[in-house]
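K.L.:
Here it is, the structure in full.
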Amino acid sequence: MAVIVYGHWGPPLLSFPTSGGDEWEYENQGMVSALSDLIEAGKVKLFNAGTVSGEGIYNKSAHPFHRSYVQAMFDSYIREEVVPFIWDNCKTQNIGISTFGASLGAYQAVNTLLKHPDVIKRTFGLSGQYDMSSFMNGMYDDNFYFNNPVDYVPNLNDHWTLNNLATCDIHLATGHGPWENSGPTRRMASILSSKGIPNHLDDWQEQGGHDWPFWKHQMREYISRW
């Protein structure tokens with residue numbers, strides 16, 4: 001598993017690739033270039049994580065419970081290995097970390113904050129899908145439940161988790177631009193709101209499309225504002 005680091009200082013931002021991507025995707029698709037002036041100015045320090053979607057939810061040859069197991073292990077890897085790596089790289093123990101991702105990456109970014117709101121304090125989910133049940137062939141287990149936000153969030157009642165989530169900055173971005181399906185984003189925002197979890201449903205209207213030019217524009221705007 002690789003993590004690519006861009007920048008010398010600034011608040012840490014951890015990215016997750018889309019369904020077919022890897023840790024180099026955001027550079028290859030021009031996202032790093034689009035954010036380069038903000039990175040160089042110290043507005044953000046970018047950490048691009050790899051993924052296990054090919055071995056997990058997209059692995060059609062594997063049993064569904066293996067797919068959910070791989071996702072659970074990935075979540076543990078992010079918390080137990082990547083988070084301490086970011087803290088060490090930033091030379092600041094317990095510095096708040098932001099996440100972002102587009103499409104499948106939005107699921108990973110938002111799920112990571114919802115699972116670990118004590119260390120992940122801000123997230124940007126762009127054009128996301130937050131229900132992974134279509135990848136499970138109708139099967140269900142604890143590993144899947146605890147990594148499927150539309151399932152576990154409605155049942156959250158742990159005060160520690162809810163109190164930490166109340167301190168987080170959650171942005172769910174959508175719109176009515178090309179190829180965008182806003183339904184999953186609106187559903188996730190509604191679920192969060194029903195639990196009293198603060199969130200921003202950001203409707204980018206015609207600038208909220210499901211493609212790289214839209215996502216680059218959105219992330220430039222988000223980072224410039226924070």
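The values are calculated or read from the model by the stated rules, or taken from the named source; none is laboratory data. Not measured: the values here are computed from a predicted model. Please note: Cβ atoms are built from the backbone with ideal geometry, for glycine as well, and neighbour counts cover all protein chains shown.
K.L.:
Looking at the stretch 193-226, which of its residues are outside any helix (DSSP H, G or I), of a type outside the set (Gly, Ala, Ser) and in contact (Cβ under 8 Å) with a residue 40 or more places away in the chain? Please lay out each step first, then the result.
P.N.:
First, pick out the residues of the stretch 193-226 that are outside any helix (DSSP H, G or I): 195-204, 208-211, 226.
Still in the list and also of a type outside the set (Gly, Ala, Ser): 195, 197-204, 210-211, 226.
Matches in the stretch 193-226: 195, 197, 210, 226.
K.L.:
While we're looking at this one, here's another question. When you check residue 109 against the structure, is it touching a strand residue (DSSP E or B) at 6+ places or on another chain (Cβ under 7 Å), hydrophobic (A, V, I, L, M, F, W, C) and at pLDDT 95 or above, yes or no?
P.N.:
Numbers: touching a strand residue (DSSP E or B) at 6+ places or on another chain (Cβ under 7 Å): yes; hydrophobic (A, V, I, L, M, F, W, C): yes; at pLDDT 95 or above: yes.
Yes.
K.L.:
Here's a follow-up. Hey, can you tell me all the residues within the stretch 36-55 that are in a helix (DSSP H, G or I) and surrounded by fewer than 18 Cβ atoms within 10 Å (Cβ to Cβ)? If you could, list the steps in order and put the result at the bottom.
P.N.:
Applying the first criterion (in a helix (DSSP H, G or I)) to the stretch 36-55 yields 36-40.
36, 37, 40, listed by residue number.
K.L.:
Mind listing whichever residues of the stretch 6-55 are more than 17 Å from residue 109 (Cα to Cα) and β-branched (Val, Ile, Thr)?
P.N.:
Residues satisfying the conditions are 32, 39.
Conditions (1) surrounded by fewer than 18 Cβ atoms within 10 Å (Cβ to Cβ); (2) at pLDDT 95 or above; (3) within 23 Å of residue 39 (Cβ to Cβ), marked per residue:
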| position | (1), (2), (3) |
| --- | --- |
| 166 | yes, yes, no |
| 195 | yes, yes, no |
| 208 | no, yes, no |
| 221 | yes, yes, yes |
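K.L.:
As an exercise: evaluate residue 102 against (1) within 23 Å of residue 215 (Cα to Cα); (2) surrounded by fewer than 19 Cβ atoms within 10 Å (Cβ to Cβ) and give the number of the one condition it does not meet.
P.N.:
Residue 102 satisfies all of (1) within 23 Å of residue 215 (Cα to Cα); (2) surrounded by fewer than 19 Cβ atoms within 10 Å (Cβ to Cβ) except (2).
K.L.:
Of all residues being in contact (Cβ under 8 Å) with a residue 12 or more places away in the chain and among the charged types (D, E, K, R) in the stretch 56-80, which is surrounded by the fewest Cβ atoms within 10 Å (Cβ to Cβ)? Just the residue, please.
P.N.:
79
K.L.:
From the list 94, 59, which one is touching a helix residue (DSSP H, G or I) at 6+ places or on another chain (Cβ under 9 Å), farther than 23 Å from residue 218 by Cα and at pLDDT 95 or above? If you could, list the steps in order and put the result at the bottom.
P.N.:
Details: 59 fails: at pLDDT 95 or above.
Going through 94, 59 in turn, the sole match is 94.
K.L.:
Within the stretch 133-148, how many residues turn out to be touching a Phe, Trp or Tyr at 6+ places or on another chain (Cβ under 7 Å) and either closer than 22 Å to residue 192 by Cα or without any contact (Cβ under 8 Å) to a residue 24 or more places away in the chain (or both)?
P.N.:
3
K.L.:
Against the conditions (1) touching a residue at least 12 places away in the same chain (Cβ under 8 Å); (2) at negative phi; (3) part of a loop (DSSP other than H, G, I, E, B), where does residue 179 fall short? Just the number, please.
P.N.:
It is condition (2) that residue 179 fails.
K.L.:
For residue 68, indicate whether it is under 19 Å from the mean Cα position of the chain (by Cα) and hydroxyl-bearing (Ser, Thr, Tyr). Outline the logic, then answer.
P.N.:
Details: under 19 Å from the mean Cα position of the chain (by Cα): yes; hydroxyl-bearing (Ser, Thr, Tyr): yes.
Against the criterion (under 19 Å from the mean Cα position of the chain (by Cα) and hydroxyl-bearing (Ser, Thr, Tyr)), residue 68 qualifies.
K.L.:
Looking only at residues in the stretch 81-91 that are buried (at least 16 other Cβ atoms within 10 Å of the Cβ) and under 17 Å from the mean Cα position of the chain (by Cα), which one is farthest from residue 11 (Cα to Cα)?
P.N.:
Top of the filtered list is 82.
K.L.:
For the stretch 124-164, which residues satisfy the criterion of being of a type in the set (Asp, Glu) and crowded, with 17+ Cβ neighbours inside 10 Å? Can you show your working first?
P.N.:
Residues of the stretch 124-164 of a type in the set (Asp, Glu): 131, 141-142, 151, 158.
151, the sole residue that qualifies.
K.L.:
Return a yes/no flag: does the stretch 19-34 have any residue that is assigned to a helix (DSSP H, G or I), modelled with pLDDT of 95 or more, more than 25 Å from residue 211 (Cα to Cα) and charged (D, E, K, R).
P.N.:
Our first condition is that a residue be assigned to a helix (DSSP H, G or I); within the stretch 19-34, this holds for 25-28, 31-34.
Adding the requirement that they be modelled with pLDDT of 95 or more leaves 25-28, 31-34.
From what is left, the residues that are more than 25 Å from residue 211 (Cα to Cα) are none.
No, every residue in the stretch 19-34 fails to be assigned to a helix (DSSP H, G or I), modelled with pLDDT of 95 or more, more than 25 Å from residue 211 (Cα to Cα) and charged (D, E, K, R).
K.L.:
Looking for whichever is within 16 Å of residue 23 (Cβ to Cβ), aromatic (Phe, Trp, Tyr) and not in a helix (DSSP H, G or I) here; the options are 74, 100. Which one fits?
P.N.:
It is 100.
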